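Engineer: Handing you a structure now.
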Amino acid sequence: MEPTEAQYLILNALETLGLLEGMFYDDERGFYYITTPSTVLPTALLVQNGEIAPISWASEL
C-alpha cells in the first residue's frame, strides 16, 4: 500500500510543530508507526485516513 495524502498532511504538520521524533511505514498494512515527545501517546499509529491511534489498537484494525 502507498501512503495517503492524509497521512502526509499529518506527518508534515507534526514535523512543522516539532512533535515528530521518528516514523516507520508498514507498507503491508498502510500504517505509519510514529514516536512523539508526548507522555500520553509516545508511540502511535497513523492510519490511512489520517487518524492517530494508540499502538494497542493495531490488532483491532
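Engineer: Can you tell me which residue within segment 45-59, out of those that are touching a residue at least 24 places away in the same chain (Cβ under 8 Å) and of a type outside the set (A, V, I, L, M), is least open to solvent (accessible area, probe 1.4 Å)?
Structural biologist: Among those residues, the one meeting the criterion is Gly50.
Engineer: Can you name every residue in segment 21-56 that is in a helix (DSSP H, G or I) and out of contact with any Ser or Thr (no Cβ under 7 Å at 6 or more places or on another chain)? If you could, list the steps in order and put the result at the bottom.
Structural biologist: Let us first name the residues in segment 21-56 that are in a helix (DSSP H, G or I), namely 55-56.
Hit for segment 21-56 is Ser56, nothing else.
Engineer: Name the residue that is most open to solvent (accessible area, probe 1.4 Å), counting only residues in segment 1-20 that are outside any loop (DSSP other than H, G, I, E, B) and not hydrophobic (A, V, I, L, M, F, W, C).
Structural biologist: Glu5
Engineer: Could you run through segment 21-44 and say how many residues are surrounded by fewer than 13 Cβ atoms within 10 Å (Cβ to Cβ) and polar (S, T, N, Q)?
Structural biologist: Qualifying residue count for the region: 2.
The values are calculated or read from the model by the stated rules, or taken from the named source; none is laboratory data. Computed from a predicted model, the values in this text were never measured in an experiment. Cβ: placed from backbone, ideal geometry, glycine included. Neighbour counts: every protein chain shown. Quick note on the areas: whole protein, heavy atoms, side chains included, nothing else; ligands and nucleic acids left out. Shrake-Rupley method; radii C 1.70, N 1.55, O 1.52, S 1.80 Å.
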